[in-house]
Structures are given as C-alpha cells and as structure tokens.
1. For segment 316-385, report the convex hull volume of the alpha-carbon atoms normalised per residue, in Å³, without decimals.
2. Rg and Dmax of segment 254-399, Cα atoms, in Å?
3. For the chain, divide the Cα radius of gyration by the Kirkwood radius and give the resulting Rg/Rh value with two decimals.
4. Kindly provide the trypsin sites (Lys or Arg not before Pro) of segment 440-486 that DSSP labels as loop, not H, G, I, E or B, and whose Cβ sees at most 14 other Cβ atoms within 10 Å.
5. What FRET efficiency comes out for the pair L397/L692, r = Cβ-Cβ distance, R0 = 51 Å, nearest 0.05?
6. For H688, H476, which order do you get if you count the other beta carbons within 10 Å of each Cβ and list the fewest first?
7. Go through 104-114, 306-316, 340-350 and give me the packing order, highest mean Cβ count within 10 Å leading.
8. What is the angle, in °, between the Cα long axis of helix 2-15 and the longest principal axis of the Cα atoms in the chain? Nearest 10 is fine, range 0 to 90.
Amino acid sequence: MIRTVFTLMMVIFFTGLRGQAKVILLDKVTQKPVEGAQISFTSLATEQQTAMISSRSGTVQVDLALPVLIKVSHIAYSFRQDTLRSITQKILLSPSTLSLDEVVVTGQYIPQSAKNSVYKVRTITAERFENQGANTLQDVLANELNVRFSRDNALGTSGLRLQGISGQNVKVLIDGVPMVGRSGVDNEIDIGQINVNSIERVEIVEGPMAVNFGADALAGVINIITKKSGTGKLAANLTLQEETVESSYSLFEEGVHNAGISVNGNINDRFFAQVEGRVNHFGGWTGDETLFDDHNRQWYPKTQYFGGGLMRYNAENFSVHYRLDFLDQTISNLGKINDLDPNTEPFSNDQEFLTTRWMHQVQAEWSPGKWRLNPVVSYTDYERLTENFTTFLTSDLESNRTEVQNTFYNTLFFRNTASTGNSSWGSLQLGLEGTFDKGAGSTLSSGNKYMEDLAVFASAEISINDRISIRPGIRHSYNSIYETVPTPSLNVKYDVNSSTQVRFGYGRGFRVPSLRELYHEFVDASHNITGNPDLTPEYSHNFNADITKQFQSLDLQTSLSGFYNDVDDQITFFTPEQSNAATTYLNITEFQSVGGTLNNTWKHNSLQLSTGFAYIGRYQRLNEDQNNVPAFVFNWELNSNLSYRFSKSNTTLSAFYKYNGPLKDYRMADPDNDGLFTAELQGIEGFHLLDLTVNQSIANSLELTLGARNLFNVTAVDNNFTSAGAHSGGSGSTSVGYGTSFFLRLNYQLKIK
C-alpha cells in the first residue's frame, strides 16, 4: 500500500497534474477584471504550449499538466510572468508607468513588452490622440522626432519622411495589413485618410523591416492598431469637435467640424461586435488675403466620411475577426469667380478630387499545441477621380460635370505565419505572403497594369543565455516584373542588467518600383508627371543601434539610438527647370542617411515629461559625374511633451512642442537656364510648433477638451527652391500650417454592464 501511494506521488510529481485550471486577472489597484490580456502557457511537465486572450471577466481556462509557466501581456499593464500550480489562481497586474512596459505586436511572434522586443518600438496611445484633440494622424505624428511632413497645396495631400527617407519607403499598416492607395504625386500613403477615432495605439519601428513586411519598409513601419474590444454588454461612444481655422469659423462650413459615433458590445463570452462612423469637414483656408480671394483657397476644403465595423469570435485557443474600413473623401478646388459680364450669372470653374476606399480584412489566431498560426487575408478597392464642373453662384447650380482623370487600384493580400512558443532555446517563425495588385484608369498608360509578388520568409529568436537574444531572418520573393534577391536581417538584443537594454540591427533592403512609379501619368494645371517603365529596383543596407536605460528610483527612462542607411538606385522625382518638360521618376545613383536620437521620459505621480533631440544627415549622389556635393547635409529637431493631471478634479493639462530645423537637400538645377544642370543646395527654413490643451473628465462618462494649435502662428516658411512647385505656399515659401486655431472637443461614453 505504501509503495503504491509513493509510486502515485512520484508519477504526479514528474508528469504534473492535468485538468481544467482557471486563471483570473485583476487590476492590482482597482481589483477589477482585466480583459484582452494576451497569455501564453507552457507546461513545465510536458512542454506543451498554448495561448489565449482573457475574457470580459478577466478569466481564462487551460487544460495542461501542472505546473504551468504563464506570461501575461497587456497594453495598459506591466509584463507579468508567473507559475500556475493550483486549479484556480489570481494574478494581479500593475498598471504601466514607463513606455517600455507597454505591450507591442509589430514584428513580434506574440504580443510582448517593448522592453523584451529585439526591435526598438515607439508607441503612441489613444490617450495621446484624445489629449491632443487630433483630427488626423498627422496632428500627432508631426510632433514626433525623425518624422517630417510636406504638403501639396495643389492636391490637398501630404507626404512624410522617416529617418530622412521619403514616405515611399515607409510601410503603413492597419492591424499589420498594408494600406493601399498611394496618392498625391509622391507615391506615398496619405495618412490623413485614416479614421483616428478607431485607433487604439500606433506602433512605429524605425529602420528596415523587409523580412517581416517586404517592400516599402526601408525607412520603417507605421502600424495602426485599431480598437477590437470593449467593456460591458453594450457601450457607445459619441465624439463632437469644433475648431477654427485661423480666424475662420462658422457653424457648418468654415473651420473644422468633426462628429463620430462608435457602438460595441459583447454578445456573449465568445462574440464581440462593433460599428463606427465619422464625418470630418475642413472648410479650407484662404491664406494670404492679398493673393487669394474667398473662393480660390490656398488650402482646399475637404470632407471625409469614415465607416467601419468589426465582428470577433474568441474560443480557448482560437480567435477570428472580420474588419471593414470605408473612406469617402472629397477635396474641392473652387476656381476664381468670373463676374465680368453683367449679362451673365457669376460662375466659377471648379474641380473636385474624389477618393473612395473599401478595405476588408479577416485575421485569425490558432494555437494547436506548440505552434501559433496567424492567417490574414485582405482585399482593398481604391478609387480616385478628378472631376471638373461649372458652378453658377447666384442659383447655386452646376453644369458640365466631366470626369477628367481616374485611377483604380485593387489589391488582394494574404499572409500566413506559423510561430513556435518560447522554448529553452528560443522561438521560430515561418511565413508565406502574397500581394496581387491591379491598376487601371486614365492616369495609367496603356491600359490595365498588374503586378504579383509572392514571398516566403523565416526568422528565429535564439536565446544565447538569459541576457542575449539573436534574431536572424531572411525573405525571398518572386515578382512578376522584376528579378528579386534575398533580403536577410540580423537583430541582437543584450540585457546589460534588468534596467539596461542594448540593441544592434542590420537589414538588407530590396524594393521594386510600384505600378504608380512605372506607369502613372498625371497632367493638370499644377502637375505634369509621367511614370518611367525603365526604372530599376532599389537595393539598400541599414545599420541601427540603441541603448535604453530605466532609472526606476527616478521614474526616468533614457534612450539613445543611431542609424545609417545606404540606398543604391533610389527612386525619386526629377523635375526639369523647363516649364514644358514633364516631371518623372528616376533612379539616383546613391542615397545615404545617418542620424541619432536622444529621448528622455520622466513620469512621477501625476506629472509626465518627455524630451527628445534628433540630428539627421542626408547625402544623394544625383548622377555619375557629380563631384561637387558634400558628403552629408544635416538638420536637427527638438521636441518636448508635458502633461500634468490633477487627480481630485480629473483635469489634465498638456503641452506639445516641436522645432523642425532647416531642411536642405542638393537638387539638380539650371540656374542660368542654359541647359547645363548642376547640383544646388536648396531647402526650407526651420519652424516651431506648439499646442496646448486642457482635458476635463466629468462623472467618468464625459470628457471635455479645450485646446489651441500652432500657437506660433506658422503658415509658411522661406525656401530657395528654383521652382516653387506643388508644395509651395507662394513664391519663395513652403506651406506648413494655417495659423493659430482653437478647438473644443466633447467625448461622451455610455456603458451598460
């Protein structure tokens, strides 16, 4: 009998107890359940693994042999690791304080804290959007270091630079799915076409991510994570925002008018549904009164309608969701009023740029045994039209509406990754990805155009010891137009100690020209652009490094990072000086960018302060014969964000400041107009941006935000461009803002438990 009992105890000890065990996640401060936490389980007895998401009640149930190693990640809480030894166990999660405790997903095998990521990931939360009263993603990103924006006044679109590299090399994602519809003239995603009300957070990874996300990811990735969960059985959120545009405002037309609504609810423990809609109307800006009348505006009126919805199903080791995002945008170029003939009703010849985008995506997570599968399928239908018409101003009637240009892009995208969980040596990820592009319309030469790209990729995160992690990776793709080359990468993370992390990274970049760069033809009163079917792919090398230190006793986090990019045959614009010559895309011989960033974040009780400094240099060898361009031209940036919360009154005061230093580049110019081109240093002067806001919470359901933007009243800055071009704000100036404006925002939340 004794021998039998002893044998049974030894079997239990070595094989572990197996059965339904329950984990309950609670907020350490409020003792409320924590929903939406990512939890990975590893049986220490059998090494079997699985992953789950906590329910509305903060619970998960797992059927594994005890004891079980638990790793818990949540965007609002510090990373937690524990061991489950009993049938029921409560785990208390501590709210995050420093940003390195935030959970990130971009480029990760499973969601994990930024502190443990081999990539340096910058996170911007929904709270930041609310405190800043953001109407567009640009309102927030314009305050970030290493990010610069340009504006095309002739189209009402904007472009960006990251790490000194243009936005055509920046991958913009929604929940990891590439956005479609590079617009304007610069082959870039217009981030003003994103519904900010649906954003939970934005993750930015600077540097090449080609192994993970393929082409266009040389400068980095901007991943927009949308809201996918709610609290309570039913919840509704209503947002209203009114804003002046400089001194212009009226109830329905002048200024900015923003209204949005979102309704979501947990149908039961497994199903969650959400619908949302938003309208954003910008009345335009007249600009210099001596040059523009009320009908011919420097910044065009813009009206956007956003819609969307989500349906999610969660099981113990499986989840799937479908998401729809819709955009309808109209930008109006109102022509000058013609009232010279007293016998004819005054009229104007007007123009509208119409954009429509439908984006469907289905994503799933399945954890069979030790593997974690993530299939993703998306389809995007993007359409952009230009229409001309005549408006009779007295009768408010229009006639002769004609479609003069149209562009259509349809993209089918899929990705499937298979990742192993954390084991004694590390983790592995295998992936298959495909993109099928179709372009059509009057702005693409010679009819419909197609491009297919299929890729396989693999990476492994190897734990050398408790301090060193190495992630090698490689990607190889097939392209229907160009020959391709493998793109390897290597990232190393070294934990000097529990409060200091050092990262090194190398990435090989390869990008084929887009359909737009190859075949786009765009001719109107302000543009004359033709594609170039003779373009060759870009090849690049990137090196980056950073060191991050947390001073826990001071609630201070400091990060110093640096990067170097070397791009061969970079695709860029070439605009001849001759007025009748078309702008086109060309491969320049060589482009390089180098720079460093210092960031500090201090959070103590109700006060949070972040400051940063960036120094960025660029070099471009414009042709083989060029010998008079210095190695680099540098610019610098400075930013600082400050917020203080009065806990008794639930009031938050915030200030957002950035200085954008002079931005200069060498360009090919013909100063003597004799057909002899030479490299000439051209650029724009520096400028300051400052926003102030006050956020007041009332009864935990109503938030009131009052703010002022652009307090330095910046509208345009001087440039010495030999040709002002589409980005100008007038002769010898570049448009960057529409002056000081004021806004009032109301956000009402209704929850039914």
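Any read-out appearing in this document is the output of simple, stated calculations on the displayed coordinates, not a laboratory observation. Just so we're clear, the structure is a prediction, and the values are computed from it rather than from any experiment. Glycine also receives a Cβ, built like all others from the backbone with ideal geometry; neighbour counts cover every protein chain displayed.
1. Convex hull volume per residue, Cα atoms: 86 Å³.
2. When restricted to Cα atoms, segment 254-399 yields Rg and Dmax of 23.2, 82 Å.
3. 0.98
4. Of the trypsin sites (Lys or Arg not before Pro), the ones in loops of segment 440-486 whose Cβ has at most 14 other Cβ atoms within 10 Å are R467.
5. 0.70
6. Ranking H688, H476 by Cβ neighbours within 10 Å, fewest first, gives H688, H476.
7. Highest mean packing first, the order is 104-114, 306-316, 340-350.
8. Here the helix axis deviates by roughly 10 degrees.
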